[in-house]
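Taken together, the values in this text are just the output of simple stated rules run on the coordinates, not laboratory data. Bear in mind that the values here come from a model prediction, so they are computed numbers and not experimental data. For neighbour counting, all protein chains shown are included, and Cβ atoms are generated from backbone atoms with ideal geometry for every residue, glycine included.
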Amino acid sequence: AQTVTQSQPEMSVQEAETVTLSCTYDTSESDYYLFWYKQPPSRQMILVIRQEAYKQQNATENRFSVNFQKAAKSFSLKISDSQLGDAAMYFCAYRWGYGGSQGNLIFGKGTKLSVKP
Amino acid sequence: GAVVSQHPSWVICKSGTSVKIECRSLDFQATTMFWYRQFPKQSLMLMATSNEGSKATYEQGVEKDKFLINHASLTLSTLTVTSAHPEDSSFYICSARVPVKRTDTQYFGPGTRLTVL
């Protein structure tokens, strides 16, 4: 069965510093997709970044970047120059196909990130 | 990015009544919509997958007679909680998928908080 594990229930970072959130997953598929979603206190889920497994290059979106280690099945999120607005729950998610149930997202349990001023 | 709306954002009802929640994709057509349930400080739990023009596919353990899903058009899906009870109180989130193969991405609505008295 495909699973997503986030081993850090809570993390804290000082404003302007860098923090890394961990995510590991288990799959026997070779072609799949990984995502990081942010859920701020408003509870609106926001896509932060996505990574396609067939791409070796790590995805980057402004201050957000990932370290994708396919062999280790690891997909960590690095937030640089942390801002107060980054405080939220962060969910790692996996999808291995598209269309039908293959396209369903499998979520980790989340990591609550606090940003200290 | 694509926008998904939900209505209402918050509803309080008496035990035994039915509540309908609407999910709309505002600027795109979504052949597939998803309904999630989220308990406080927990991850999203997929309840069902809704495809336009066909019956919804429910996840194991989700009562389909209790949570009625209708996907009447490419931009609208509704979730009706029938004969609601206090244990149905939760945060319900819908998402819509743009099924363009590798760029297949889910966009989430802002959620609906249901409180059953």
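Set the bar at 28 Å for Cα to Cα. Now go through A:Lys109/B:Lys14; A:Lys38/A:Lys70; A:Lys112/B:Lys64; A:Lys55/A:Lys116; A:Lys55/A:Lys78; A:Lys78/B:Lys41 and name every pair that lies beyond it. Pairs exceeding 28 Å: A:Lys109/B:Lys14; A:Lys112/B:Lys64; A:Lys55/A:Lys116.
The Rg/Rh ratio for segment B:2-48 is 1.01, where Rg is the radius of gyration of the alpha carbons and Rh is the Kirkwood radius. Each residue, B:Glu22 and B:Ala2, gets one label point 7 Å from its Cα in the Cβ direction; the gap between the two is 2.0 nm.
Among B:Gln60, B:Gln106, B:Gln42, which one moves the most in a GNM of chain B with springs linking Cα atoms closer than 10 Å? Comparing B:Gln60, B:Gln106, B:Gln42 in the GNM, the peak value goes to B:Gln42. Distances between every pair of Cα atoms in segment A:29-117, grouped in 10 Å steps from 0 to the bin holding the largest one, split as 16, 48, 29, 6, 0 percent. Taking the protein assembly as shown, the Cys residues with no second Cys beta-carbon under 4.7 angstrom are B:Cys13.
For chain A, excluding the exposed loop sites themselves (GluC sites (Glu not before Pro), DSSP loop, at most 13 other Cβ atoms within 10 Å), the longest remaining stretch covers A:30-117. Peptide packing for B:3-9, B:44-50 was compared via the average number of neighbouring C-beta atoms within 10 Å per residue; ordered from the highest value, the list is B:44-50, B:3-9.
D by Stokes-Einstein for the protein assembly as shown, Kirkwood Rh over Cα pairs, 25 °C, 0.890 mPa s: 134 µm²/s.
Here the Karplus curve 6.51 cos²θ - 1.76 cosθ + 1.60, taken at θ = phi - 60°, turns the phi angles of segment B:58-64 into couplings of 9, 6, 4, x, 9, 6, 6 Hz, with x standing for Gly and Pro.
Loop-located chymotrypsin sites (Phe, Trp or Tyr not before Pro) across segment A:34-70 with a Cβ neighbour count of 11 or fewer within 10 Å are A:Tyr54, with loop assigned by DSSP.
Using θ = phi - 60° in the Karplus curve 6.51 cos²θ - 1.76 cosθ + 1.60, the 3J(HN,Hα) couplings for segment B:44-52 round to 7, 10, 5, 9, 6, 10, 10, 10, 4 Hz; x is entered for Gly and Pro. Amide H contacts of B:Ile21 (H built 1.01 Å from N, in plane; Pro and chain starts excluded): B:Leu79, B:Thr80, B:Val81 sit under 5 Å, all sequence-distant by 5 or more or on other chains.
Whole-Hz Karplus values for segment A:43-53 come out as 6, 6, 6, 10, 6, 8, 6, 9, 9, 9, 4 Hz, taken residue by residue from phi with 6.51 cos²θ - 1.76 cosθ + 1.60 and θ = phi - 60°; glycine and proline positions read x.
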